[in-house]
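Below is one structure; the comments refer to it alone.
The values are calculated or read from the model by the stated rules, or taken from the named source; none is laboratory data. Keep in mind it's a predicted model, so treat the numbers as computed, not measured. Cβ atoms come from the backbone with ideal geometry, glycine included; neighbour counts cover every protein chain shown. In case anyone asks, the SASA skips ligands and DNA or RNA and just uses the protein heavy atoms, side chains included. Shrake-Rupley method; radii C 1.70, N 1.55, O 1.52, S 1.80 Å.
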Amino acid sequence: MKNRGAAMRLKRLFMLLSIGFIITFLAACTSGGEENSPGTKQDKASSEKSVNFVNKENIPTMDPALATDESSFAFLRSTMGGLYRLNLDGKLVPELATDHEVSADGLTWTFKIRENAKWENGDPITANDFVYAWRRAIDPATGSEYGPYLMNNVIKNATAISNGEMSPDQLGVLAEDDFTLVVELENPTPYFENLTSFGTLFPLNQKFVEAQGDKFATSSDTLLASGPYKLTNWTSTSDSWELVKNDNYWDADTVQMDKIHFDVVKDPQTAANLYEEGSVDRVNLTSDLVDQYSGNDDFVTIPNTFVYFIKFNQKANDALANKNIRAAISRAFDKEAIVDEILNDGSIAANGLVPTGFVSMPESREDFRKVSGDLVTFDKTKAQEYWKKGLSEIGKDKVELELLSDDDEATKSIVEYVANQLETNLPGLTVTIKQVPKEQRLDLEDAGDYQMEVARWGPDFEDPYTFMSLFTTDSGNNKMGYSNAEYDQLILETSTTLATDNEARFNNFVKAEKILFDDAAIAPIYQNARAELVNPKLKGVPNKPVVSAYEFKWLDIKE
């Protein structure tokens, strides 16, 4: 057990972190309502159900092809839908498809589109809407990161199209008729059905999108919903907005909330104060509040599969181009102190990339993380050995580096702690912290305009490929100059020659992960969890690791 006095000193020194996306539910009220503790108020004179949420950031984009972050995908998920959707149990259920068939060789997938699905404006949703959206996402002119990431080496001709060698209309996706979508794959893909629930592959109404031109998805007026809610009162810089029930949604009877209001609030303490006041229904807790509320009946801890890590831009300078310098930094900060003393919410130290409790090895059923092992741990002695060797190789005794992160107060505690640890444990290192709004951080990352960056990744589908493909040489998510031919080949084989041999695929992932950390490409920090207070009257709240906290289709308030 860690020293309690040390824990309290850490807490006083650093601001406390609220993990992930802070989702605080404020119950709506009108005059004449009867108050319910802690926050829900019911209006007996009206049947409208409305809640207010707090989001810690603006929505970076509502264009499915351009979205790369959880917040954007969360609101896309609320306003749109794919062929399938993950339910609250983390299981795929039909959304805009009613069912599908797969050919014996696993290469041809035929989806039946439900004939009662409509766009917000009343237009029918057809197979052509999927064809248009997928072609648009793979077209290099669109500039999508996720289009190539999801479709390359999966859908026929996607790689050639994203490389500019074929036209988008040669993508292996065809509308056989208005309600039959046929998809041809390059190779059998074990996780393809799961991909169909992901935001990049949501359909688009071509006539509407082209009518908006460059203004598409920049405001509520330039969006067209196909999902449970419509986004209203929003522009790309809005600090508040609403989700309003979409009456034209095919499954509108399931949607119980009429309106969900959002305000951007970056201070995590504000959410806790609102819960204390009896105004809110759900709040993420920082570590001091965990200590205070962990004995409450409404306290819950929800494991998650997001992994936080430091990206090293090897093109930024000679120091980060040096493997020993990167290896030193990777081992020079105490991750256990971060999760135990700063977070204190159920998060665990990350010593690899693929998270704990995410996937199991196909035959042994052992957890992938256990099999792959701890690949990089805090070790001050080894860190200093690597550091001394790296400094000698670059001919310097001092190094100045910049650490980029989001600008919310919650993240500040983590980056300040890491920077302090690095400067303390690696003599001659100076770390400057650069905190910016998340959208700006993503832009800087995309442009490669950073040195070190605190980033995170959550799984897009239930397969190690969603993590391991990030760092191949040609990945749109690499953006740090990392390249290893052996790593690339191992990952390529998992989606080509080994596509139907899951045991061999997973063995490749284990080998590739070891290479990634032998190269000190990234420095893992922690795998997050959410510690929350949740009003029992709030129903349909996601509590599974693989389900986004922003899944609102089944949200309800009940006595």
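Before moving on, here are some points about what is shown:
- Take the conditions (1) at pLDDT below 95; (2) more than 25 Å from A328 (Cα to Cα); (3) open to solvent by 20 Å² or more (accessible area, probe 1.4 Å); S495 misses just one of them, which is (3).
- Look at segment 462-489: where a residue is in contact (Cβ under 8 Å) with a residue 12 or more places away in the chain and open to solvent by less than 10 Å² (accessible area, probe 1.4 Å) and a partner is basic (K, R) and not in a helix (DSSP H, G or I), sitting 6+ places away or on another chain with Cβ atoms under 8 Å, you get M480/K311; M480/K315.
- Sub-7 Å Cβ pairs linking a first residue in segment 317-332 that is more than 16 Å from A419 (Cβ to Cβ) and outside any helix (DSSP H, G or I) to a second residue that is open to solvent by 10 Å² or more (accessible area, probe 1.4 Å) and at pLDDT 95 or above, at least 6 apart or interchain, are N317/Q451; D318/I394; A321/Q314; N322/E393; N322/I394, ordered by first then second residue.
- Out of E341, E363, E336, one residue alone is in contact (Cβ under 8 Å) with a residue 12 or more places away in the chain, open to solvent by 70 Å² or more (accessible area, probe 1.4 Å) and assigned to a helix (DSSP H, G or I). It is E336.
- All positions within segment 519-556 that are outside any loop (DSSP other than H, G, I, E, B), open to solvent by 20 Å² or more (accessible area, probe 1.4 Å) and either at positive phi or touching a residue at least 40 places away in the same chain (Cβ under 8 Å) (or both): V534
- Unmet criterion (only one of (1) at pLDDT below 95; (2) over 22 Å from the mean Cα position of the chain (by Cα)) for L490: (1)
- D501 passes every criterion in (1) farther than 19 Å from V359 by Cβ; (2) out of contact with any helix residue (DSSP H, G or I) (no Cβ under 9 Å at 6 or more places or on another chain); (3) at pLDDT 90 or above apart from (1).
- Close pairs (6 angstrom Cβ cut-off, 6 or more residues apart or separate chains): closer than 26 Å to N116 by Cα and without any contact (Cβ under 8 Å) to a residue 60 or more places away in the chain in segment 227-247, polar (S, T, N, Q) and surrounded by fewer than 18 Cβ atoms within 10 Å (Cβ to Cβ) anywhere: E242/T232; E242/N233; V244/T232
- Residue match in segment 188-198 (condition: in contact with a strand residue (DSSP E or B) (Cβ under 7 Å, 6 or more places away or on another chain), touching a residue at least 40 places away in the same chain (Cβ under 8 Å) and hydrophobic (A, V, I, L, M, F, W, C)): yes
- Residues in segment 219-253 that are part of a loop (DSSP other than H, G, I, E, B), open to solvent by 40 Å² or more (accessible area, probe 1.4 Å) and over 21 Å from F130 (Cα atoms): N233, S236, T237, D239, D247.
- Any chance T159 is under 21 Å from S469 (Cβ atoms), under 23 Å from the mean Cα position of the chain (by Cα) and among the β-branched types (V, I, T): no
- Top-ranked residue of segment 366-380 - restricted to ones that are among the acidic types (D, E) and touching a residue at least 12 places away in the same chain (Cβ under 8 Å), ranked as farthest from D460 (Cα to Cα): D379
- Subset of segment 517-559 (residues that are touching a Leu at 6+ places or on another chain (Cβ under 8 Å) and of a type in the set (V, I, T)): I522, V541, V546, V547, I557
- Look at (1) open to solvent by less than 40 Å² (accessible area, probe 1.4 Å); (2) in a loop (DSSP other than H, G, I, E, B); (3) over 16 Å from T200 (Cβ atoms) and you find that A160 fails only one, number (2).
- Extreme residue, farthest from L83 (Cα to Cα), among residues of segment 254-295 that are open to solvent by 40 Å² or more (accessible area, probe 1.4 Å) and of a type in the set (K, R): K266
- Unique match (being at pLDDT 95 or above, surrounded by 15 or more Cβ atoms within 10 Å (Cβ to Cβ), more than 24 Å from S71 (Cα to Cα) and not aliphatic (A, V, I, L, M)) among Q206, Q212: Q206
- Enumeration of residues in segment 67-96 that are surrounded by fewer than 21 Cβ atoms within 10 Å (Cβ to Cβ) and over 30 Å from A271 (Cα atoms): K91, L92, V93, P94
Results for (1) under 30 Å from D501 (Cα atoms); (2) out of contact with any Phe, Trp or Tyr (no Cβ under 7 Å at 6 or more places or on another chain); (3) modelled with pLDDT of 95 or more; (4) of a type in the set (S, T, N, Q), shown as yes or no for each residue.
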residue	(1), (2), (3), (4)
I161	yes, yes, yes, no
D178	no, yes, yes, no
L181	yes, no, yes, no
V265	no, yes, no, no
